[in-house]
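So the structure is just underneath, and the comments pick up after that.
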Amino acid sequence: MSKLLPRSMQKSLYKAWRFAGDEASYHALWLQGEGLVKKLIGTFVRRGFAAPEQVDDLYGTGMLAVGQSLHSWDPDRGAYSTYIWPAIRNSLIDYLKEESEAVSKLSEFVEADHLQPEEVDNQHLFFLENLTEVLCCYYVAGMTDAEVGDHLGMSAKQARDVRIADLDQLSARLGDQSLES
């Protein structure tokens, strides 16, 4: 891990970037966060919160958080590392929660339908991973099957088939046949 620059140097780089538009200064500050990202990922993996296979995704998530927090950091209010540490940690935790929820939803889906994991097709997997977005498209935004299909990168028929299949399953589980098809 590279050693963090002194606070005065961080502040100078910030001013050069924000007020003079020096992209090299932005890049130098952004790279300062890389060591913190790697350190947090290492801690998460060692403690069993993340799998080694997730390191690349966690790295991307953490570096994105570094870039985002750099835009809202005020050097007069505190050190850069103090400011970005919670932002990186929280973004990694959010990523891991989302991954865990997607796996949990898929597991429930597979168990409820007594399917083997290899029998779950990509459309249903996609639907489960993006359940909130799909439901919002249909029932909040009032989008048609064609619009949902375009939005999600599938045909209108595929979007309709997935919606109907999942509504039928939901209806059967709830014992209510009044859901639209």
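Values quoted throughout were computed directly from the atomic coordinates according to the rules given, and no laboratory measurement underlies them. If you're wondering where the values come from, they're calculated on a predicted model, not measured in any experiment. Counting neighbours? That spans all protein chains shown, and the Cβs are built from the backbone with ideal geometry, glycine included.
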field: For Ala50, residues with placed amide H under 5 Å, excluding near neighbours
entry: Val45
field: Projected label distance in nm at Arg46 and Phe19, using a 7 Å step from Cα toward the beta-carbon
entry: 4.0
query: What list of ³J(HN,Hα) values in whole Hz, one per residue of the stretch 17-30 in order, does the Karplus curve 6.51 cos²θ - 1.76 cosθ + 1.60 (θ = phi - 60°) give from phi, with Gly and Pro shown as x?
result: 6, 5, 9, 10, x, 6, 5, 5, 5, 4, 4, 5, 5, 4
message: Rounded to the nearest angstrom and ordered from largest down, what semi-axes does the equivalent ellipsoid of the stretch 7-99 get from its C-alpha gyration tensor (root of 5λ)?
response: 27, 12, 11
field: Label-point gap, in nm, between Asp57 and Ser155 - each point 7 angstrom along Cα→Cβ
entry: 2.9
- prompt: Between Ser100 and Gln68, 0.36 nm times their residue separation minus their Cα-Cα distance comes to what?
  reply: 9.1 nm
